[in-house]
1. Can we say residue 143 is in contact with a helix residue (DSSP H, G or I) (Cβ under 9 Å, 6 or more places away or on another chain) and outside any loop (DSSP other than H, G, I, E, B)?
2. For segment 42-87, what are the residues that are modelled with pLDDT under 90, in a loop (DSSP other than H, G, I, E, B) and among the hydroxyl-bearing types (Ser, Thr, Tyr)?
3. Scan segment 23-39 for residues that are in a strand (DSSP E or B), over 9 Å from the mean Cα position of the chain (by Cα) and under 19 Å from residue 60 (Cα atoms) and report the count.
4. Take the conditions at pLDDT below 95 and farther than 17 Å from residue 9 by Cβ and apply them to residue 132. Does it pass?
5. I'd like the full set of residues that are basic (Lys, Arg), closer than 26 Å to residue 120 by Cα and in contact (Cβ under 8 Å) with a residue 60 or more places away in the chain, limited to segment 131-168.
6. If we keep just the residues of segment 151-188 that are of a type in the set (Ser, Thr, Tyr) and surrounded by 14 or more Cβ atoms within 10 Å (Cβ to Cβ), which is nearest to residue 93 (Cα to Cα)?
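The values are calculated or read from the model by the stated rules, or taken from the named source; none is laboratory data. All figures in this text were calculated on a predicted structure; none of them were measured in a lab. Positions of Cβ are backbone-derived with ideal geometry, glycine not excepted, and every protein chain shown enters the neighbour counts.
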Amino acid sequence: MHPHRAFSIFLFDSKNRLLLQKRAEIKVTFPLLWTNTCCSHPLNVESENTPENINNALVKRIKYELGIDTDKNMYKLFDKILYRAPSNEKYEEYEIDYLFMAKFDKDSEDDEFKYSKNNLKKIINKDEVDDIKFEYIDDILKDMEKHPERYTPWFSIVMKNKGKFMDDVLNGRIQFTEFDGIIKKFTD
């Protein structure tokens, strides 16, 4: 079996909190586990499967799962990882995962903001997403230490290895650096 391409979106609000989703109960792999904002696979069409066009897939998928309209230019590729993780006796994930981060320019707690937690809960695709929440990176990492069983394998890998990088970028401690071209291999 060969790995397939995937992407993971890490979308932050103006307070630098990550929008997490809890995967729907009907998902074939890793149901009811918390994970990053959105993840999927680009379609095998030119408008999505080239490095120049993968952002089109991001925009379509986040709209489909969470009902959020975004601009493809807001996403920044910050890494790629290769991982393999069994989900059950029948299914596993074996992926080269492209990691993207982006930030809302609005406050997710503003009642007028259409992407507040309460409004998002009304428009999420329940076949994909069971629940959502906004959390700070430090709080996610602390909870992962206590309750690793609550999270998807790829999300745990990324947070343990890139959480500090994302937090440093969001808080202005370091400048964002584009992906260096080296795919990192991880095991769960």
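1. Answer is yes for this residue.
2. 50, 70, 87 - these are the residues of segment 42-87 that are modelled with pLDDT under 90, in a loop (DSSP other than H, G, I, E, B) and among the hydroxyl-bearing types (Ser, Thr, Tyr).
3. So the answer is 1.
4. No; evaluated as a whole, the condition is false for this residue.
5. 133, 150
6. So, considering only residues that are of a type in the set (Ser, Thr, Tyr) and surrounded by 14 or more Cβ atoms within 10 Å (Cβ to Cβ), the one nearest to residue 93 (Cα to Cα) is 152.
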